[in-house]
Amino acid sequence: MTRHLLRMAVTAAATLILIAGLGPSAVFADAPDPVLGPAWPQDMTLEFRWASGGVPPAAIRTAMLEGAADATASRASRAPSFAFDAAAANDAAYGLAMPCASNAIACAYRAVPTGFDVWLRENGHKYDWGTLRWCEVTGFAAGCFSAETLMLDELGHVDGLAHHVNLPDESDYTDSVVQAGSHAKPQAGWNASAFGVCDTATLQTMYDVPSWSTPYSSCLDIPATLTLSMTPAGAASGTVTLGAAFRATDGGRLNGNPLSGRRVVLQLRTGLDWTDAGVMAGAPTAGNYTLSVLVRPGTDYRAVYRATASEGLRSTASAVITSGGTCTGVCPLGPTPARPAVTLGRGR
């Protein structure tokens, strides 16, 4: 218990999060979660044990372990994974005297790189708004809270996520599990078992993605660049290979990442219009794409990526490259197409 009392101080390196204790931050709604504090090392495993004197009943133990597994499985990033280990130094507590706000049903503490703790109130705890009921214990059809979801929420704080800022009507509530106020059954999101898109958005910008083909959360808005080249350069006829390099250009740790596994299209210009010449295949080098074509003198080419609603990457197009003639490298765009084939923007 002494350890817990010492951990009540809030400093720049150690933060105590109250499930209903933080007001909204100055960020736009329907955006990635605010960042709570510094990141842990990438890909580390954070282990926890049951606190002495605060071991949850069997149903809550199962729910909390499932919440930890949910955090690991749905992070879509190189954020920490979570695992139970009876010899761990970090505590997960149930029903102890908690350093949480008086109206909080759960809270967490983090001090990177020292450790973390998580607390859940006991079933039946009395508040001015009523009595806390955990769904896993009571089996209620309404009015109870999911301990699994609350564990996932608190581990989001441990990762470094502050409370999501919702739209005024909370229509985006399910975009995030890490909320200032939890929903009771059967309200939307009461039983979330995976991080929401705006949770994973922040985790990705804090920790990076696990592979170059991992989709970026649709809660992000990441600009990117395409660079096109021709081999042999400036060829006027015959078969040439067009190569495109696709890179992210913003987004915290995402900046500069090669972007593999996306649909990159090669276009050629016909008059003022652009026409798709084919889909470029992924090359062995991450973020590179190629397509071989039969060229004629003076043909303009560009590579394009069209944004999709399922990923937070903006549409983008490369500079124009021209076969043969007077231009043998990267050339200006030239006349603006009368009916552009690519609209640059979010695409959501």
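Annotations
- Scanning region 247-277 for residues that are under 17 Å from the mean Cα position of the chain (by Cα), buried (at least 19 other Cβ atoms within 10 Å of the Cβ) and polar (S, T, N, Q) returns a single hit, N257.
- Boolean, D85 is touching an Asp or Glu at 6+ places or on another chain (Cβ under 9 Å) and either under 18 Å from A194 (Cβ atoms) or in contact (Cβ under 8 Å) with a residue 60 or more places away in the chain (or both): no
- Filter pass, A194 being of a type in the set (A, V, I, L, M), at pLDDT 95 or above and touching an Asp or Glu at 6+ places or on another chain (Cβ under 7 Å): yes
- Top-ranked residue in region 111-134 [being among the charged types (D, E, K, R) and out of contact with any Asp or Glu (no Cβ under 8 Å at 6 or more places or on another chain); ranked as surrounded by the fewest Cβ atoms within 10 Å (Cβ to Cβ)]: D128
- Some residue of region 234-246 being under 30 Å from S74 (Cα atoms) and either surrounded by 21 or more Cβ atoms within 10 Å (Cβ to Cβ) or without any contact (Cβ under 8 Å) to a residue 60 or more places away in the chain (or both): yes
- A188 being without any contact (Cβ under 8 Å) to a residue 60 or more places away in the chain and out of contact with any strand residue (DSSP E or B) (no Cβ under 9 Å at 6 or more places or on another chain): yes
- Consider region 184-209 and keep the residues that are assigned to a loop (DSSP other than H, G, I, E, B), under 11 Å from the mean Cα position of the chain (by Cα) and not hydrophobic (A, V, I, L, M, F, W, C). The one that is farthest from V264 (Cα to Cα) is G196.
- Condition met for R247 (in a loop (DSSP other than H, G, I, E, B) and at negative phi): no
- Meets criteria (of a type in the set (D, E), under 13 Å from S229 (Cα atoms) and at pLDDT 90 or above) for D300: yes
- Residue that is within 25 Å of M44 (Cα to Cα) and outside the structural domain of D175 (by TED's automatic domain parsing), where the choices are G243, G256: G256
- Of all residues in region 75-94 being outside any strand (DSSP E or B) and in contact with a helix residue (DSSP H, G or I) (Cβ under 9 Å, 6 or more places away or on another chain), the one that is surrounded by the most Cβ atoms within 10 Å (Cβ to Cβ): A79
- Pairs, first among the polar types (S, T, N, Q) in region 136-159, second part of a helix (DSSP H, G or I), C-beta under 8 Å, six or more apart: S146/A63; S146/C135; S146/E136; T149/G67
The values are calculated or read from the model by the stated rules, or taken from the named source; none is laboratory data. Keep in mind that this is a model prediction, so the values were computed, not measured. For neighbour counting, all protein chains shown are included, and Cβ atoms are generated from backbone atoms with ideal geometry for every residue, glycine included.
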